[in-house]
Amino acid sequence: MRSNEVIDEGTAYGRKPGVTNRDLTDTTPGTKMGDLLRRYWHPVGLAGDATERPKAIRVLTEDLILFRDKRGRPGLVYPRCAHRGTTLYYGKVEEKGIRCCYHGWLFDVEGHCLEQPCEPELGRHRDQVRQPWYPLEERYGLIFAYLGPAERKPKLPRWDVLEQMDADHTISASDHIQSGPKIVPCSWTHHYDNVPDHYHVPILHGSNSGVQFVEMMARMPQIDWEYTGIGVNTRARRKLDNGKTLLRITEGVLPNVRLIPDPGISRYGKSESVSWLLPVDDTHYMLYAALKMKPGWTRAFTRPAGKSWDEMTAAEHQQYPDDFEAQVGQGAITLHSEEHLATTDQGLAMLRRLLLKQAETVAEGGDPIGVSFGDDSVVATHAGNFLIDG
Amino acid sequence: MRSNEVIDEGTAYGRKPGVTNRDLTDTTPGTKMGDLLRRYWHPVGLAGDATERPKAIRVLTEDLILFRDKRGRPGLVYPRCAHRGTTLYYGKVEEKGIRCCYHGWLFDVEGHCLEQPCEPELGRHRDQVRQPWYPLEERYGLIFAYLGPAERKPKLPRWDVLEQMDADHTISASDHIQSGPKIVPCSWTHHYDNVPDHYHVPILHGSNSGVQFVEMMARMPQIDWEYTGIGVNTRARRKLDNGKTLLRITEGVLPNVRLIPDPGISRYGKSESVSWLLPVDDTHYMLYAALKMKPGWTRAFTRPAGKSWDEMTAAEHQQYPDDFEAQVGQGAITLHSEEHLATTDQGLAMLRRLLLKQAETVAEGGDPIGVSFGDDSVVATHAGNFLIDG
Amino acid sequence: MRSNEVIDEGTAYGRKPGVTNRDLTDTTPGTKMGDLLRRYWHPVGLAGDATERPKAIRVLTEDLILFRDKRGRPGLVYPRCAHRGTTLYYGKVEEKGIRCCYHGWLFDVEGHCLEQPCEPELGRHRDQVRQPWYPLEERYGLIFAYLGPAERKPKLPRWDVLEQMDADHTISASDHIQSGPKIVPCSWTHHYDNVPDHYHVPILHGSNSGVQFVEMMARMPQIDWEYTGIGVNTRARRKLDNGKTLLRITEGVLPNVRLIPDPGISRYGKSESVSWLLPVDDTHYMLYAALKMKPGWTRAFTRPAGKSWDEMTAAEHQQYPDDFEAQVGQGAITLHSEEHLATTDQGLAMLRRLLLKQAETVAEGGDPIGVSFGDDSVVATHAGNFLIDG
């Protein structure tokens, strides 16, 4: 019936549907990773985002309202007014808190109901009402929130690189990735996978889109990874023409912190920034960063087509893909079952294992690594670009 | 392990997911409220909406086509042609009805199939085909439809305020709310909850967005509610500077009718309008109104930022919220489980109880209040702004 | 309680929800029709669509990347790179295939992994990785793909009308319907139903929207249908004023091929074109066509409002509906349970029965009609406009 040609059965026909390991990617309460994430502080805005004009934000799939009362205290509350559910986005901010536009219930930054103006005596039972709220702390120009169980609230970490300040150092905070929109439409894990995945640099940022950083970064490195107790370090060595070696250490700290030294390598030494991958929800994330600066320092931005990212056409994005394109190109949430991890993917495998192990610990009632309930300890970090012999 | 600080466990963490009482909000056939709503007539268009150009509308989650044949009879039919399902939106309106564009089947306003032009003898079995249709009646400049069981079709109600006409009275019909889009993106019940909720007036329309109506409406009223046999009356008393009292009665008539006297209080006396909250579907509604007017009468519209609603910016809507913002701000459908009703919410609790009770009656095979199968009785209403002593 | 009026219970109230026969319309693997469709070749692009710039396409609900390597071979691959899932839409096309932007894995047009540049020795185990791919063939200016089981891959058919070429004949390929967008937002079956449904011509293209083709096509025909072994022929006879008869044969060939002679009837004789309804997914399709042309031949396009389709307003589309409006007007997927097929719908009933029977044959392990595994046979077709006596 058919000729005797060799039949190549390795086509796309009959392949199995891909599957996501949701334990790694879920962000909602009651899920493995959602519960782990809720045991840490997360940046939810720049200091300037909390004002007398309420701002609607989304954090770990929770819609919330961020504001600052007229005494200067930032507040983060559930949007639906405890009375009849109108969003506090339309609330009026006052000295003592935020007042719902509909019937005027007034809540302070901790959700206490201070007034119910239509009720007798401003509400005889107002004490029994609590607007859902989350605690906030401000540091490094960022507002951090804790969305977890009250009795497990850790100290807000300090970071060595942001605490060791020269007289002329300043800290500059940022809320967006370099090339891409403010809210990136894919799982935060795509970016976190990218942190120990330093091998993509000579390809994506080197040969594929032209040299996006500096020439030495386009060279193929030798890489090893190590567990640090709070995450995974990636140590990449590149031989330079002068006989020296560039040692570049990038650091992932659980659950979603990254220390990526300047890829433009303007200076050698420790990384001057800490950044956080905020899971907006399962399929969106934002990048918050705190960056130590000195007068005269500049940061180079790649402009592959001589344009900024948002000025580029669809054809130019296709020609000059960057981290955004590579990560969003993995879909809204990647399909782990379809991956073929190789020797150069060891780092992300280690980081994922560590995340899953901590999620397991939390599910069993324990505390994950990297949380501190005692004194204000300072996190010691290792990331940086270092010039070494040999 | 942790310091001895007092732990405030009243945060947003661990709260239960909110739940809607769908018995109050569903609009589809076969649901409690959907079946109750189908026992009454509903406005589905202005008289001028039914023309020789078919118009696609949505009523109680049913997509329908409204037209007027060349004899002047309005028709309301299911969009999918009984033959092969092409929408009658593309139909040609003729003397006797509407003709499908695809194969020319002709239906009259009661869905009878008059011609199947490709079939022998224009269709020997065309009598066996009926295009799904609903009965219509026109009154007060509006077209009313009855979407319920034929054997329970009530009389289309007459309303006293629209029947008692001076020689120079005219009735003007309207199909949109004052501040907001024509189709409002939330459940109709958010607006119906608002009808007996007169306490929001001094807050939302008074202090919060500036005085949107007149100064006396911004004063805090004393309110009582009463069942009327067909709904709930809200009686609000405000002390005026001249020693008199403003008695303002607003009226909710089941299932979705409201009589709201002019909030600008240009005149004292009975309300001059009746309005209907048409559930477009579970998460959208429209407001139809019939308003008695006289030459020289005007109606004031609030322009909080000196602009009409659709000219306002997002920031201005946030600064000057109105009913639209407060109601749509409750979400597409509110979460009843999260409400904290207080003494000033009595009216809406009464109205909801009455609705649920009627829905129960219908589910048990009975007839709900307010439907009349006999003579053309006129509904007696009470709403108005009245100046009284003491 | 109610008057003695006759109650017409034939309204739209209480009608059953409509149901689709998904066996006819599904396009995904593992469904009746999805598996039948996968036993044939389908056009997936014009020859010029496969270039060094990867193109994202959708075929039978599968998202795929079409490209052409620098040796000129077209390739069709699953978008997600076998390594870490980044879409090959951002891949770089090279001499030997397509290279993922992220870590540089290189795949040829048959999905073989040729390089893993970050891995030692370009990947010692790269042979074990296969990027999912489908075979392609080019003919008539179109690129055809086979998405079915490898061991059942048939010959790509040749069509008599496109093989019998005069010296000055050329073939012109097209990828869009005449009046409508390139990707039509409804099931391909709506259009396939239309192929044997010649009775709609005098209505939709005749009286309803004005004479869209030529006057003789606006006359009501006499029609009979016949099974051809590979599909269904529709033979329509129209009496002309000169005593002759126009015999117009349109042909449907399984599973989704149509031969529609020029409706403008510029010439008599066999149809000069073959076209394919490509199911993009369950609710979208495209039309690919190959058309034999000679110098000087023109094709008339209807311009009902003196405008091309995409220049027409919504009101003009409503006034001058065409095939697009009639077919998309049946919804995203039609509801077969609501149809009332009549004597003039015999042809589509025959075509549907034939499709369902073949789907059954495939489900039972057999081969459907119209596939050939042996020599390059040429499909003999019958479609055309013929002038006959009597």
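Table for the structure above
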| quantity | calculated |
| --- | --- |
| Subset of the stretch B:255-275 [hydrophobic (A, V, I, L, M, F, W, C) and open to solvent by less than 10 Å² (accessible area, probe 1.4 Å)] | B:257, B:259, B:274 |
| Which listed residue, of C:206, C:229, C:148, is within 26 Å of residue C:332 (Cβ to Cβ) and small (Gly, Ala, Ser) | C:148 |
| Subset tally (residues that are touching a Pro at 6+ places or on another chain (Cβ under 8 Å), open to solvent by 20 Å² or more (accessible area, probe 1.4 Å) and closer than 24 Å to residue A:380 by Cβ) for the stretch A:193-248 | 2 |
| Pairs, first at positive phi in the stretch A:161-173, second at pLDDT 95 or above, C-beta under 8 Å, six or more apart | none |
| Hits in the stretch A:101-125 (condition: more than 8 Å from chain B (Cβ to nearest Cβ) and buried (at least 21 other Cβ atoms within 10 Å of the Cβ)) | A:105, A:106, A:107, A:109, A:113 |
| Given (1) modelled with pLDDT under 95; (2) surrounded by fewer than 21 Cβ atoms within 10 Å (Cβ to Cβ), index of the condition residue C:284 fails | (1) |
| In the stretch C:346-390, the residues that are of a type in the set (Val, Ile, Thr), in contact with a strand residue (DSSP E or B) (Cβ under 7 Å, 6 or more places away or on another chain) and open to solvent by less than 60 Å² (accessible area, probe 1.4 Å) | C:379, C:381, C:388 |
| Unmet criterion (only one of (1) crowded, with 19+ Cβ neighbours inside 10 Å; (2) farther than 30 Å from residue B:219 by Cβ) for residue A:131 | (2) |
| Count - residues of the stretch A:334-360 that are under 22 Å from the mean Cα position of the chain (by Cα) and among the hydroxyl-bearing types (Ser, Thr, Tyr) | 1 |
| Close pairs from the stretch B:20-44: first under 17 Å from residue B:334 (Cα atoms), partner open to solvent by 20 Å² or more (accessible area, probe 1.4 Å) and of a type in the set (A, V, I, L, M), Cβ under 9 Å, at least 6 apart | B:20/B:333; B:20/B:335; B:21/B:356; B:22/B:333; B:23/B:356; B:24/B:356; B:25/B:333; B:33/B:356 |
| Residues satisfying the stated conditions in the stretch A:57-99, i.e. within 11 Å of chain B (Cβ to nearest Cβ), on the phi < 0 side of the Ramachandran plot and either out of contact with any strand residue (DSSP E or B) (no Cβ under 8 Å at 6 or more places or on another chain) or without any contact (Cβ under 8 Å) to a residue 12 or more places away in the chain (or both) | A:62, A:80, A:83, A:84, A:90, A:92 |
| Within the stretch A:307-338, considering residues that are in a loop (DSSP other than H, G, I, E, B), under 28 Å from residue A:38 (Cα atoms) and open to solvent by 30 Å² or more (accessible area, probe 1.4 Å), the one farthest from the other protein chains (Cβ to nearest Cβ) | A:332 |
| Filtered residue count, the stretch B:344-390, keeping only those that are over 23 Å from residue B:199 (Cα atoms), charged (D, E, K, R) and in contact (Cβ under 8 Å) with a residue 12 or more places away in the chain | 4 |
| Odd one out for residue A:7, checked against (1) modelled with pLDDT of 95 or more; (2) open to solvent by 70 Å² or more (accessible area, probe 1.4 Å) | (1) |
| Filtered residues of the stretch B:58-91 (kept if surrounded by fewer than 23 Cβ atoms within 10 Å (Cβ to Cβ) and of a type in the set (Lys, Arg)) | B:58, B:70, B:71, B:73 |
| Members of the stretch B:30-57 that are part of a loop (DSSP other than H, G, I, E, B) and open to solvent by 20 Å² or more (accessible area, probe 1.4 Å) | B:30, B:31, B:51, B:52, B:53 |
| Counted residues, the stretch C:134-156 - those being facing chain A (nearest Cβ under 9 Å), open to solvent by 20 Å² or more (accessible area, probe 1.4 Å) and either assigned to a strand (DSSP E or B) or among the basic types (Lys, Arg) (or both) | 2 |
| Criterion violated by residue A:307 - all others in (1) within 29 Å of residue A:247 (Cα to Cα); (2) free of Cβ contacts under 8 Å to residues at least 24 places away in the same chain satisfied | (1) |
| Selection from the stretch C:294-303 of residues that are under 20 Å from residue C:176 (Cβ atoms) and open to solvent by 40 Å² or more (accessible area, probe 1.4 Å) | C:297, C:298, C:299, C:300, C:301, C:303 |
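For (1) farther than 30 Å from residue B:6 by Cβ; (2) free of Cβ contacts under 8 Å to residues at least 40 places away in the same chain, each residue gets a yes or a no:
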| residue | (1), (2) |
| --- | --- |
| A:155 | no, no |
| A:188 | yes, no |
| A:219 | yes, yes |
| A:225 | yes, no |
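The values are calculated or read from the model by the stated rules, or taken from the named source; none is laboratory data. Note that the structure is predicted; figures quoted are calculated from it, not measured. Quick reminder, even Gly has a Cβ in these numbers, built from the backbone with ideal geometry, and neighbours come from all protein chains shown. Surface areas here come from the heavy atoms of the whole protein model, side chains and all, with no ligands, DNA or RNA. Shrake-Rupley method; radii C 1.70, N 1.55, O 1.52, S 1.80 Å.
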